[in-house]
1. Tell me what the chain gives for mean residue ellipticity at 222 nm when only DSSP H runs of n ≥ 4 count, each as -39,500 (n - 2.57), the sum divided by the residue total, rounded to 500 deg cm²/dmol.
2. Extension gain residue 98-residue 161, at 0.36 nm per residue separation less the Cα-Cα distance, in nm?
3. For residue 149, list long-range residues whose amide hydrogen, built 1.01 Å from N in the peptide plane, is under 5 Å from its own amide hydrogen.
4. Which order do the peptides 25-37, 162-174 come out in when sorted by mean C-beta neighbours inside 10 angstrom, highest first?
5. What is the gain in length, in nm to one decimal, between residue 149 and residue 168 on full extension, counting 0.36 nm per residue of separation less the C-alpha to C-alpha distance?
6. How high is the FRET efficiency from residue 66 to residue 27, r the C-beta distance, R0 25 Å, rounded to 0.05?
7. Consider just the alpha-carbon atoms of the stretch 53-156 and return their Rg together with their Dmax, both in angstrom.
8. Using only the Cα atoms of the chain, construct the convex hull and provide its projected area averaged over every direction, in square nanometres to one decimal.
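FYI, it's all coordinate maths here, none of it is from the lab. Because the structure is a prediction, the values reported are computed rather than measured. FYI the Cβ positions are ideal-geometry reconstructions off the backbone, even for glycines, and counts take in every protein chain you see.
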Amino acid sequence: MIGARPLGLRRRPLWVVAVLSLLSLGLYVPLWFGLSWLELRQETRDERAQPALHALSLLVPLYGYWQAYRHFSVIAGLQKGVGIARPVDALSAALGVVVWSVTFLHYSTEPIFMIMDGVELLAGTAVVVYGQRALNAYWRARPGPPVDERVVDTDWLALAAAATFFALQLVGYLSGPTN
């Protein structure tokens, strides 16, 4: 139907992806890759793209870095196709995923790792905000029906779940080990 909103496509507000990333302590990073890969699959009509496997592939050392690079390369290609002058940089995004994964895949309560966890969390948040910003720019510039920026019910549920997860993690950390 001409003028209809594309099914499943939307511009996510940057604050939503940032808050989800922070409150989930980085768990949202692979989820964002899967959700955005689903949208990219629809946009590129690539039926071979598997969003769930794409998201999980981020957890595989080395291969996940290639997947992040590939993900952002697809976004950059789409951006170039609609004339965006400064498309997203796939290498910078992949390096951000490298930083995110250093402690995300290697959990420890040692003080140095706690500091690294903070750096990891900021890197993961920066990657999803950078990617969503690039996708939002593409959705605004692409021809065809407009893609609205909106927060959906599942975003609110995810925010509530992430806030609960964060609160439980904080309580667990503050209560410390019981001997």
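1. Values: 7 runs with 122 residues, N = 179.
The helix-only estimate for the chain comes to -23000 deg cm²/dmol at 222 nm.
2. Values: separation 63, 0.36 × 63 = 22.68 nm, distance 2.60 nm.
Once the chain is fully extended between residue 98 and residue 161, it gains 20.1 nm.
3. 11
4. Details: 25-37: 21.5, 162-174: 11.8.
Final packing ranking: 25-37, 162-174.
5. Working: separation 19, 0.36 × 19 = 6.84 nm, distance 3.08 nm.
Between residue 149 and residue 168, full extension yields 3.8 nm more.
6. Values: r = 21 Å, r/R0 = 0.85.
It comes out at approximately 0.75.
7. Computed over the Cα atoms of the stretch 53-156, radius of gyration and Dmax are 15.7, 52 Å.
8. Numbers: hull surface 44.9 nm².
The number I arrive at for the chain is 11.2 nm².
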